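The block underneath contains the structure these notes are about, expressed in structure tokens.
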Amino acid sequence: MPDYILESSETKNQCLKMLEEKNYEKFKFKRDLNDYIFVLDKINKAYDLKQRIGRRKIYEYAIEEKVFLTEQQIRSILLELQDFELVKVLSGRGGSIITEKGRKFLKQNES
């Protein structure tokens with residue numbers, strides 16, 4: 001945009017906000033977006049309860065809710081979400097936690 005448009009701080013703030021929102025469109029997921037939203041939602045709910053959640057528990061939720069994901073697929077989703085800095089996968093039995101970026105992404109993509 002030309003400088004004269006960006007001179008207004010209000011316009012500048014709106015442009016920065018738009019750029020930040022559009023930033024999430026850069027994610028190129030390998031699976032259906034709903035699978036990522038499902039996993040993020042479960043991790044977010046655990047985060048709200050101040051808990052960590054592992055792929056096995058997410059798999060159990062998937063079975064209960066009739067979401068067709070295997071434990072290995074959930075593992076792949078978690079690693080991909082970590083690559084995009086939406087979650088942090090801890091080693092061992094540490095589980096996973098959602099990042100602030102992940103919470104924003106989830107909020108923008110919830111139906």
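Observations on the model:
- The range 37-55 and the range 85-110: distance between their alpha carbon centers, rounded to Å: 8 Å
- Simple Cβ-charge dipole of the range 38-83, Lys/Arg +1 and Asp/Glu -1, about Cα centre, in debye nearest 20: 200 debye
- Full extension of the segment from ARG93 to LYS107, taken as 0.36 nm per residue of separation minus the current Cα-Cα distance, would add 2.3 nm.
Read-outs throughout are calculated quantities, based only on the coordinates presented, and are distinct from any laboratory measurement. These numbers come from a predicted model, not from an experiment. Here Cβ is always computed from backbone atoms with ideal geometry, including for glycine, and neighbour counts include all displayed protein chains.
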